[in-house]
1. Counting Lys +1, Arg +1, Asp -1, Glu -1, what net charge surrounds G181 among other residues with beta carbon under 13 Å of its beta carbon?
2. Amide H of H41 versus every other amide H placed in the peptide plane: which residues, excluding those fewer than 5 positions away on the same chain, fall under 5 Å?
3. Tell me the trypsin sites (Lys or Arg not before Pro) within the range 98-196 that lie in a loop according to DSSP and have at most 14 other beta-carbon atoms within 10 Å.
4. To the nearest 10 square angstrom, what accessible area does V117 show with a 1.4 Å probe?
5. For the chain, what is the accessible area per residue in Å², given a 1.4 Å probe and the full set of protein chains?
6. Leaving ligands and nucleic acids out of the surface, order D66, D114 by accessible area at 1.4 Å, largest first.
7. How big is the accessible area of D6 in square angstrom, nearest 10, if you roll a 1.4 angstrom probe over the protein chains?
8. Determine the dipole magnitude for the chain: charges of +1 sit on the beta-carbon of Lys and Arg, -1 on that of Asp and Glu, nothing else is charged, the reference point is the Cα centre, and the result goes in debye to the nearest 20.
Amino acid sequence: MSYAHDPRQNYLLAALPADERAAALFPQLERIPMPLGMVLHEPGRTPTHAYFPTTSIVSLLYLTEDGGSAEVAVIGNEGIAGIPLFLGGESTINQAVVHSAGYGYRLRGQVLRDEFVQGGPIQRLLLRYTQALFTQMAQTAVCNRHHALDQQFCRWLLLSLDRLPFNRLVMTQQLIANMLGVRRESVSVVAGKLQETGLIDYRRGRITVIDRLGLEARACECYAVVKKETDRLLSDICLP
């Protein structure tokens with residue numbers, strides 16, 4: 001399936017006011033392929049670019065000293081990877097890596113900083129998105145501590161699909177296990193149960209949602225909390 005590429009496929013970019021600032025900003029956006037495993041930002045380093053996914057998904061991961069990892073948030077066509085660039089912290093403790101291949105747009109960090117400090121609608125939009133992302137990170141911590149793996153898997157799958165223009169995800173069991181911080185065998189059992197109940201179809205690394213409402217009912221309350229707060233904070237963005 002092919003898609004016509006447009007920066008406005010990212011909902012943050014689409015919500016920018018049609019004024020001279022936006023007109024000057026858009027030519028500086030560079031469309032790039034974002035292949036699976038592409039590392040956008042490393043822990044402790046100042047990012048050079050901000051990324052606006054359109055058909056890809058970016059994971060924010062926490063990496064442990066012994067080589068383990070766990071996902072703390074997902075970013076897709078609703079947002080931006082690179083908030084340290086405009087918040088002033090410059091670097092972060094998380095790694096940003098593509099977990100579903102596709103395309104996106106990147107913008108030089110200095111350009112984003114310059115736009116942010118001018119204030120106005122662009123600044124307000126980025127700050128509200130940042131609050132939505134912090135909500136997702138906090139709820140992920142609660143979910144990982146208190147809810148069963150099948151609920152976590154459903155929450156993760158729904159959040160990922162909300163950030164894509166289609167209802168399928170290309171993802172190996174090992175990669176899902178790395179995202180959730182569990183063993184691959186555990187993911188295999190959970191995915192098998194969801195397939196048996198007719199909620200998803202999972203074969204050759206491709207996950208297709210068959211029963212969206214059933215998947216939402218199987219998930220814990222964490223998915224609804226994140227979606228409701230994201231919708232509230234970004235109410236002027238035409239989210240899917």
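The values are calculated or read from the model by the stated rules, or taken from the named source; none is laboratory data. Fair warning: this is a prediction, and the values are worked out from it, not measured in the lab. Every residue, glycine among them, receives a Cβ derived from its backbone with ideal geometry; neighbour counts consider all protein chains shown. For accessibility, only protein heavy atoms count, side chains too; no ligands or nucleic acids. Shrake-Rupley method; radii C 1.70, N 1.55, O 1.52, S 1.80 Å.
1. Once positives and negatives cancel, what remains is +1.
2. Sorted by chain and number, the residues that satisfy this are A96.
3. Those satisfying the criteria are R183.
4. 110
5. Values: 11330 Å² over 240 residues.
Accessible surface, normalised per residue, equals 47 Å².
6. Numbers: D66 135, D114 75 Å².
Most to least solvent-accessible, the answer reads D66, D114.
7. 60
8. Details: 24 positive and 23 negative charges, 66 e Å.
With only Lys, Arg, Asp and Glu charged at Cβ, the dipole is about 320 debye.
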